[in-house]
Amino acid sequence: MYTLTNVATHRFSSPEETYVLDVDRTEAGLVTISSDQHLSLLSPARLAAGPLASWKTQHGNLASLRVFDGSSSLVCTAGEDGTVAVWDLRLRGDQARVARFNAAPSPILSMACSPSTQTIAVGTELQDHMASIFTWDVRSSPSPRAHYQEVHSDDVTELAFHPDQPAILLSGSTDGLVNVYDTRVADEDDVTLQTFNHGASIHHARFLTGTEVVALSHDEQFALYDMDERTERGDAAQNWGDLRSVLGCQYVADVMSKTDGSGAIIGAGAQEKQSFELVFLARNQGHRPKWVFDRENSVGLAGAHGEDIVRAFCFFDDAQVVFTAGEDGNVKAWRGS
């Protein structure tokens, strides 16, 4: 295992305890959302100096941050009131919010963005016996593309577009299902390409490769599904079970697919040990099982966020820096010593 050292920290302070809910990278810098309902932009090189800019998001309870186009520094936020806002982080003040629209009639829990098709997808909380997925075209004045209201029977907790086929959308729900859709199909009865039954409430789901999907439940059950292996019940192609036992952790913050298709990074933490580890899920070089955890090349963040949970992490590979966001209100930068 490689160990990184905390080289810089910024703490968000407010009259009430603040959690940093998510962190991601854009060309303009590091972007975060926090439980005080703010979107903030920080400099990766001068993290301790605090935000370069910060905006009150006005979604009620802020639930989701997604980068729409990192090179153009466009990000989206969404939340409890069913609205989506698009922000240009190169601008300041009220001008930074370049669009805001009513995307759903109920609280938004999940969101995905496809810049190549100018599409934003949102997933909602179950309300009035209905949980929905809406897709929107955000060119000029946002207009609805589609509404799927029968694909899940509970909260839609995850959405992700296919890395190479932007018309293909993945969703995960607390009903335990992971669905894959072809959004070019107009009829909702025919839009679902495949359904995988994870059997537990979905926390995160991602495309690992062009045909393989990984899913993580809220109780840390982790499995891989292959769209090319059509099983009658949507069973897993590879199932690791509870990652708390497999990785010796207490929780899993997220699963991030590597952009080159070589695997994924699992962020696993243990509050009692004040530790957080980035574990690489890698190909097994032609052997079975097909995917394995590469613990030898995992990365440890000594001390992590103390006894508080790490909510999110991201990488600036060019600068060889990892950033984490935690329930202690801190954003931290980590680098090899």
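Quick rundown of the values:
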quantity: Net +/- balance of residues flanking GLU16 in space, Cβ distance below 15 Å, scoring K and R +1, D and E -1; calculated: -2
quantity: Relative contact order, percent, the stretch 31-166 [alpha-carbon distance under 8 Å, six or more residues apart]; calculated: 15
quantity: Radius 15 Å from Cβ of SER116, net charge of other residues (Lys, Arg +1; Asp, Glu -1); calculated: +1
quantity: For the stretch 104-109, Karplus couplings with θ = phi - 60° (6.51, -1.76, 1.60), whole Hz, Gly/Pro x; calculated: 8, x, 9, x, 8, 10
quantity: Per-residue HN-Hα couplings for the stretch 261-274 [Karplus 6.51, -1.76, 1.60; θ = phi - 60°; Hz; x = Gly/Pro]; calculated: x, 8, x, 8, 10, 9, x, 10, x, 9, 5, 5, 8, 6
quantity: Antiparallel DSSP beta bridges within the chain, percent to nearest 5; calculated: 95
quantity: Dipole of the chain, positive end: most advanced residue of ALA85, PHE134, VAL331 [Cβ charges, Cα centre]; calculated: VAL331
quantity: Total charge dipole magnitude, the stretch 233-337, about the Cα centre, Cβ charges on Lys, Arg, Asp, Glu only, Debye to nearest 20; calculated: 400
quantity: Pairs from LYS273/LYS332; LYS258/LYS290; LYS56/LYS273 whose Cα-Cα separation, in the structure shown, is over 26 Å; calculated: LYS56/LYS273
quantity: MET130/ASN197 FRET efficiency (R0 22 Å; Cβ-Cβ; nearest 0.05); calculated: 0.55
quantity: Enclosed volume per residue, in Å³, of the convex hull spanned by Cα atoms of the stretch 180-337; calculated: 147
quantity: Percent RCO, i.e. relative contact order, over the chain, from Cα pairs under 8 Å lying at least 6 residues apart; calculated: 15
quantity: With DNA, RNA and ligands ignored, accessible area of THR135 (1.4 Å probe; Å², nearest 10); calculated: 10
quantity: Magnitude of the charge dipole, the stretch 13-247, Cβ model with Lys/Arg +1 and Asp/Glu -1, debye to 20; calculated: 1200
quantity: Stokes-Einstein D in µm²/s, Kirkwood radius over Cα pairs - the chain at 20 °C with 1.002 mPa s viscosity; calculated: 106
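The values are calculated or read from the model by the stated rules, or taken from the named source; none is laboratory data. Note that the structure is predicted; figures quoted are calculated from it, not measured. Cβ sites come from the backbone with ideal geometry, for glycine too, and all protein chains shown count toward neighbours. Side chains are part of the model used for accessible areas, which takes the heavy atoms of the whole protein and leaves out ligands, DNA and RNA. Shrake-Rupley method; radii C 1.70, N 1.55, O 1.52, S 1.80 Å.
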